[in-house]
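Visitor: What follows is a single structure, and I will ask about it in a moment.
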Amino acid sequence: MRAVAVSLVAISHAGVSSVAGGYIGVDVFFVISGFLITSLMLREWSREGRIALGRFYARRALRLLPASTLVVLATLAGSWLFLGPLRFADYAKDAIASAWYVVNFRLAEAGTDYFNTDVPPSPFQHFWSLAVEEQFYLIWPIVLIIALKLFRRRALLAIPLLALAAASFALNLHLTET
């Protein structure tokens with residue numbers, strides 16, 4: 001799935017205007033990932049009557065941490081070697097934020113803009129989507145478990161989840177303007 005998103009981003013950077021910005025690929029990845037992981041959690045709930053959060057988070061950590069740790073360390077070393085020591089303190093902060101999956105907040109706080117060519121990008125900008133994904137999966141299983149406990153019937157389960165999606169969308173529109 002992530003390969004599809006990365007491919008769409010690469011196509012965008014190659015100048016294909018119909019996928020400009022590469023955001024379509026990231027959005028498609030998030031939707032497919034959310035659907036598949038939610039389906040797995042719902043099956044676990046149906047089969048076992050519960051969702052084992054510890055097991056869920058352990059599987060994610062085992063799958064992501066080895067590769068992301070290697071990428072963060074290699075990128076940090078590369079930024080020292082190839083980009084020089086001038087902005088290394090900023091890059092080190094970006095590396096720490098990437099390791100904790102909060103680099104999207106750091107980049108937003110710094111006013112990072114993908115389309116601003118006057119400011120050199122952080123070599124850790126590519127971690128923003130992984131940070132967003134991990135923040136989602138930190139909260140989503142808990143929200144899903146609460147909704148499953150409150151609304152036993154599957155048809156009713158859609159009500160709080162649609163309300164949450166609508167509230168999230170409204171907040172997104174507000175924050176985009178500000």
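Visitor: Give all pairs with beta carbons closer than 9 Å in which a residue from the stretch 31-42 that is in contact (Cβ under 8 Å) with a residue 24 or more places away in the chain meets a residue that is open to solvent by 70 Å² or more (accessible area, probe 1.4 Å) and among the aromatic types (Phe, Trp, Tyr); count only pairs at least 6 apart in sequence or on separate chains.
Guide: Going by the 9 Å Cβ cut-off, the qualifying pairs are Ser33/Phe136; Gly34/Phe136.
Visitor: Now a separate question. Confirm whether Ala131 is within 30 Å of Gly78 (Cα to Cα), open to solvent by less than 60 Å² (accessible area, probe 1.4 Å) and in a helix (DSSP H, G or I).
Guide: yes
Visitor: Quick check on this structure: which one of Phe169, Phe88, Phe105, Phe136 is free of Cβ contacts under 8 Å to residues at least 40 places away in the same chain and under 27 Å from Trp45 (Cβ atoms)?
Guide: Testing whether each residue is free of Cβ contacts under 8 Å to residues at least 40 places away in the same chain and under 27 Å from Trp45 (Cβ atoms) leaves just Phe169.
Condition check ((1) under 17 Å from the mean Cα position of the chain (by Cα); (2) modelled with pLDDT of 95 or more) across all residues:
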position	(1), (2)
Ser39	no, no
Leu73	no, yes
Leu83	no, no
Asp90	no, no
Leu130	yes, no
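Visitor: How about the stretch 27-62: which of its residues are loosely packed, with under 12 Cβ neighbours inside 10 Å and hydroxyl-bearing (Ser, Thr, Tyr)?
Guide: Ser39, Ser46 - these are the residues of the stretch 27-62 that are loosely packed, with under 12 Cβ neighbours inside 10 Å and hydroxyl-bearing (Ser, Thr, Tyr).
Visitor: Do we have any residue at all in the stretch 149-169 that's among the hydroxyl-bearing types (Ser, Thr, Tyr), open to solvent by 60 Å² or more (accessible area, probe 1.4 Å) and over 16 Å from Phe30 (Cβ atoms)?
Guide: no
Visitor: Can you tell me which of Ala67, Ala95, Ala99 is open to solvent by less than 70 Å² (accessible area, probe 1.4 Å) and without any contact (Cβ under 8 Å) to a residue 12 or more places away in the chain?
Guide: Sole residue among the options that is open to solvent by less than 70 Å² (accessible area, probe 1.4 Å) and without any contact (Cβ under 8 Å) to a residue 12 or more places away in the chain: Ala67.
Visitor: Can you pull out the residues in the stretch 102-128 that are outside any loop (DSSP other than H, G, I, E, B), of a type outside the set (Phe, Trp, Tyr) and open to solvent by less than 60 Å² (accessible area, probe 1.4 Å)?
Guide: Across the stretch 102-128, the qualifying residues are Val103, Asn104, Leu107, Gln125.
The values are calculated or read from the model by the stated rules, or taken from the named source; none is laboratory data. Quick caveat: nothing in here was measured; it's all calculated off a predicted structure. FYI the Cβ positions are ideal-geometry reconstructions off the backbone, even for glycines, and counts take in every protein chain you see. What goes into the accessible areas is simple: the full protein's heavy atoms, side chains included, and nothing from ligands, DNA or RNA. Shrake-Rupley method; radii C 1.70, N 1.55, O 1.52, S 1.80 Å.
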